[in-house]
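*Asks:* Quick one: the structure is below, questions incoming.
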Amino acid sequence: MDNRPIGIFDSGLGGLTCVEPLMKALPNERLIYFGDTARTPYGSKATKTIRSFSTQIADFLVQNDVKMIVIACNTVSATCLEDLRYRFPDIPIIGIIEPAAARIARSCSSENRVGIIGTKVTIRSCAYDHCIRRLNEYIQIYSAACPAFVPLIEEGIIHNDIMDLTIRYYMDDFVLENRIDTLVLGCTHYPLLRPAIERLYPDMRIINPSEEIVKSVVSVLSERDMLSGERCGEDIFYASDLSENFINMINLITGGSDARIKFKNFDIEAISSEQS
Ligand code: DGL
């Protein structure tokens, strides 16, 4: 048994799509979430920059005595998972791509045409392709970067015509030309677009990696006997630039009335200048 909190992070509010199923699956666990809202998006930045940002955040979480780190970000998982595991060998670190790839390999066959959408960095890394092919080399994989999705979502532009047009701009040709029948939401922001994508492409099956990572968290904590015996203390949601949109999104997920939730602004630049 281990009553310490779980640390979870993303470049912004996308990781909250993992928090919702995580809270449902493990109501006794306390969470420390970090959204790097001041520096989002990560998905068009250099790997070196993403590595430096995610190391700062992981250091911060470890200083807060977390028992596990959940990388609720495909971009960081695609580029920095092994670096973070090397830096913190004693803490289980769960990336989002491995559990999602396992689900794809399990549930798709050579008949399927699997489309992966994600940030430029995730798509360019081919991390999904490599992970899936290690498990099932016959699956047909196609991928497309959709870099404008994250900035729009961070601005709260989700359920309207601007977003519908943006989705169609990136996806119409991609889906049609490749005859995609299964779509993987390879960025943790994208599950927020799921209702719109389902409306625009009603025949496509959707795989949501944010749900898959939670299954991995549950099994790793159970196997290592690290589940929390009781819920002690509050969940803390840090943001490097605490915006109204970030707070609204958390209130939406939690019902907005949970007194055990605290929001805090954390000036990540203070850490970076100390380190330089
Ligand atoms: N939500 C993140 C991901 O899963 C990062 C998006 C970004 O910052 O570009 O890739």
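*Asks:* Against the definition (surrounded by 15 or more Cβ atoms within 10 Å (Cβ to Cβ), over 19 Å from PHE174 (Cβ atoms), within 15 Å of the ligand (Cβ to nearest atom) and of a type in the set (Phe, Trp, Tyr)), how does PHE246 come out, yes or no?
*Replies:* Spelling it out, PHE246 is indeed surrounded by 15 or more Cβ atoms within 10 Å (Cβ to Cβ), over 19 Å from PHE174 (Cβ atoms), within 15 Å of the ligand (Cβ to nearest atom) and of a type in the set (Phe, Trp, Tyr).
*Asks:* Let me ask another. Report, ordered by the first and then the second residue, all pairs with beta carbons closer than 6 Å, sequence separation of six or more or different chains, a first member in the range 63-83 that is closer than 19 Å to VAL218 by Cα, and a second member that is within 12 Å of the ligand (Cβ to nearest atom) and among the charged types (D, E, K, R).
*Replies:* Close Cβ pairs satisfying both conditions: ALA72/ASP10; CYS73/ASP10.
*Asks:* Got a number for residues in the range 143-163 being away from the ligand (no atom under 11 Å from the Cβ) and closer than 19 Å to GLY12 by Cα? Spell out how you get there, then give the answer.
*Replies:* Pass one, the range 143-163, residues away from the ligand (no atom under 11 Å from the Cβ): 143-144, 152, 155-163.
Narrowing further to those that are closer than 19 Å to GLY12 by Cα: 152, 155-159, 163.
Residues in the range 143-163 being away from the ligand (no atom under 11 Å from the Cβ) and closer than 19 Å to GLY12 by Cα: 7 in total.
*Asks:* Still on this structure, I have one more. So which residues in the range 167-182 are under 18 Å from ARG194 (Cβ atoms), touching a residue at least 60 places away in the same chain (Cβ under 8 Å) and out of contact with any Leu (no Cβ under 9 Å at 6 or more places or on another chain)?
*Replies:* ILE180, ASP181, THR182
*Asks:* Keeping to the range 116-139, report how many residues are within 16 Å of the ligand (Cβ to nearest atom) and either outside any helix (DSSP H, G or I) or buried (at least 22 other Cβ atoms within 10 Å of the Cβ) (or both).
*Replies:* 10
*Asks:* Name the residues in the range 167-203 that are of a type in the set (Val, Ile, Thr) and not in a helix (DSSP H, G or I), would you?
*Replies:* Result: ILE180, THR182, VAL184, THR188.
*Asks:* Evaluate the range 65-79: report whether one residue or more is among the charged types (D, E, K, R), away from the ligand (no atom under 16 Å from the Cβ) and crowded, with 22+ Cβ neighbours inside 10 Å. Please lay out each step first, then the result.
*Replies:* Our first condition is that a residue be among the charged types (D, E, K, R); within the range 65-79, this holds for 65, 67.
With the extra rule that they be away from the ligand (no atom under 16 Å from the Cβ), the set shrinks to 65, 67.
Among the residues that remain, those that are also crowded, with 22+ Cβ neighbours inside 10 Å are: none.
Looking for residues that are among the charged types (D, E, K, R), away from the ligand (no atom under 16 Å from the Cβ) and crowded, with 22+ Cβ neighbours inside 10 Å, one finds none in the range 65-79, hence no.
Read-outs: derived from the displayed coordinates by stated rules, not from any lab. Keep in mind it's a predicted model, so treat the numbers as computed, not measured. Cβ sites come from the backbone with ideal geometry, for glycine too, and all protein chains shown count toward neighbours.
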